[in-house]
């Protein structure tokens, strides 16, 4: 059990700090030093958090009841599904979103760099793991696993569409950055609602209404920031900067 407990301790620590820092770049001035500094810290914390989740998910698949002895009324197959396969999927989804959010901004002047194998491979992987999560959910009749898998397939496909778009507009990089980074926040907050609430409020852990909270809030943030970026792009430049 010591590997699982070690993964859990690091996962909770970095995840808690990251979820707090998430709001600083979200509500801060975009492009500012504060935005870049805390956004970068948040991204790296999420990569560590997701890596620990991969370890926890693997441990759970191998020894479901030993890693979750408090779930006495759950059968091993369900524990494996929710805390094993679905955790693996959400971890890969988080890594792919954070990575995509970072590289799209870094490569805005060299779009072909987005087609390097780590970025393409992560998006292909998240589609594959999402389909695996859906399949494992189907085996145990868990609609939640099948439903949440749709997000990963959509994320991977839309990211790949952007990557292989020949000449994206300048604003497209910012739109992708917002979608990916806020999407990673949705993923992590959703995981907290699923896994954290099992200990805090076991009877509400898999309640779809609880899962809907981070999704609704996150989508609202994505829509707001993308609309603001498009509005800024269309706004005419000040007279002093316009050509005579």
Set 34, 72: member being without any contact (Cβ under 8 Å) to a residue 24 or more places away in the chain, touching a helix residue (DSSP H, G or I) at 6+ places or on another chain (Cβ under 8 Å) and surrounded by fewer than 14 Cβ atoms within 10 Å (Cβ to Cβ) | 34
Determine whether residue 8 is under 17 Å from the mean Cα position of the chain (by Cα) and either closer than 19 Å to residue 193 by Cα or surrounded by fewer than 17 Cβ atoms within 10 Å (Cβ to Cβ) (or both).
-> no
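Every residue, every condition in (1) at pLDDT below 75; (2) assigned to a helix (DSSP H, G or I); (3) at negative phi, yes or no:
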| position | (1), (2), (3) |
| --- | --- |
| 175 | no, yes, yes |
| 180 | no, yes, yes |
| 185 | no, yes, yes |
| 191 | no, yes, yes |
| 206 | yes, no, yes |
| 218 | yes, yes, yes |
| 244 | yes, no, yes |
Would you please name the residue that is surrounded by the most Cβ atoms within 10 Å (Cβ to Cβ), looking only at residues in the range 145-163 that are touching a residue at least 24 places away in the same chain (Cβ under 8 Å) and over 17 Å from the mean Cα position of the chain (by Cα)?
-> 163
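Kindly establish whether residue 120 is part of a helix (DSSP H, G or I), out of contact with any helix residue (DSSP H, G or I) (no Cβ under 7 Å at 6 or more places or on another chain), over 20 Å from residue 7 (Cβ atoms) and modelled with pLDDT of 90 or more. Full working, then the answer.
On the way: part of a helix (DSSP H, G or I): yes; out of contact with any helix residue (DSSP H, G or I) (no Cβ under 7 Å at 6 or more places or on another chain): no; over 20 Å from residue 7 (Cβ atoms): yes; modelled with pLDDT of 90 or more: yes.
So residue 120 fails the test.
The values are calculated or read from the model by the stated rules, or taken from the named source; none is laboratory data. It should be emphasised that the depicted structure is a prediction, and the values quoted were computed from it without experimental measurement. No Cβ is skipped: glycine too gets one built from the backbone with ideal geometry, and neighbour counts run over all protein chains shown.
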